[in-house]
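Throughout, read-outs are computed from the coordinates displayed, never taken from laboratory work. None of the values given here were measured: they were computed from a predicted structure. Every residue, glycine as well, gets a Cβ built from its backbone with ideal geometry; the counts of neighbours run over all protein chains shown.
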Amino acid sequence: MTIGVLALQGAFDEHEAMLKELAADYREIRQRKDLTDDLDGIIIPGGESTVQGKLLHDLGLFEPLRQKIIQGLPVMATCAGLILLAEEVSNDKPLLATLPVRVRRNAYGRQLGSFAADGAVAGIGDYPLRFIRAPYIEACLATEVQVLNETAGHITAVQYHNQLAMAFHPELTHDLRIHAYFLEIAAKRKKLALGA
């Protein structure tokens with residue numbers, strides 16, 4: 001099984017370190033030729049969503065990546081990645097628009113731009129949450145969207161079919177459980193694709 005890590009901008013190194021700890025194969029996605037059909041999942045890291053969106057367009061990755069996600073390629077997105085996936089962004093334009101949620105960028109403002117909390121993540125348990133100038137989800141736009149975490153009254157993690165997205169940064173902790181859960185999603189999808 002091979003996981004693609006979008007490595008255009010942002011905290012992709014930290015995600016790769018988590019995958020290494022889990023003994024998972026991965027490949028950096030930097031150009032169109034890296035986005036091959038043998039990928040079993042993709043991680044979109046935190047960083048700057050506007051910059052990542054522009055680079056995806058400039059490198060010819062935007063539409064191929066969007067189509068792969070629509071077709072069911074498992075994706076895990078953190079912080080800026082959540083903004084990239086959201087169908088609606090209340091204070092900006094949507095980008096990939098594959099995840100039926102409405103997101104607010106930099107939702108916590110400057111004073112609470114970065115903070116740590118502990119909270120329960122559905123299917124995972126208590127988890128250390130690290131927020132950096134984070135968005136949050138204002139609304140879920142489809143009944144199939146499962147809320148995995150709420151922090152301070154706001155939705156901060158969801159799953160929609162094979163899309164796993166969160167406002168916080170699991171890659172900035174030492175807790176591997178969310179990455180392991182994503183690998184399970186990717187493995188189940190691969191098994192189904194192989195007809196097993």
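Key figures
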{"read-out": "Helices (runs of 4 or more DSSP H) fully within segment 1-84 counting 2 or more residues that are surrounded by fewer than 22 Cβ atoms within 10 Å (Cβ to Cβ), acidic (Asp, Glu) and free of Cβ contacts under 8 Å to residues at least 24 places away in the same chain", "value": "12-21"}
{"read-out": "Residue match in segment 125-132 (condition: loosely packed, with under 15 Cβ neighbours inside 10 Å, on the phi > 0 side of the Ramachandran plot and in a strand (DSSP E or B))", "value": "yes"}
{"read-out": "Listing of strands (runs of 3 or more DSSP E) fully contained in segment 140-196 that carry 2 or more residues being more than 22 Å from residue 2 (Cβ to Cβ) and not basic (Lys, Arg)", "value": "146-151, 154-160"}
{"read-out": "Odd one out for residue 101, checked against (1) surrounded by fewer than 23 Cβ atoms within 10 Å (Cβ to Cβ); (2) of a type in the set (A, V, I, L, M, F, W, C); (3) touching a residue at least 40 places away in the same chain (Cβ under 8 Å); (4) more than 19 Å from residue 178 (Cα to Cα)", "value": "(1)"}
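Residue-wise test of (1) in contact (Cβ under 8 Å) with a residue 40 or more places away in the chain; (2) within 22 Å of residue 49 (Cβ to Cβ).
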site: 107; (1), (2): yes, yes
site: 120; (1), (2): no, no
site: 135; (1), (2): yes, yes
site: 148; (1), (2): no, yes
site: 170; (1), (2): yes, yes
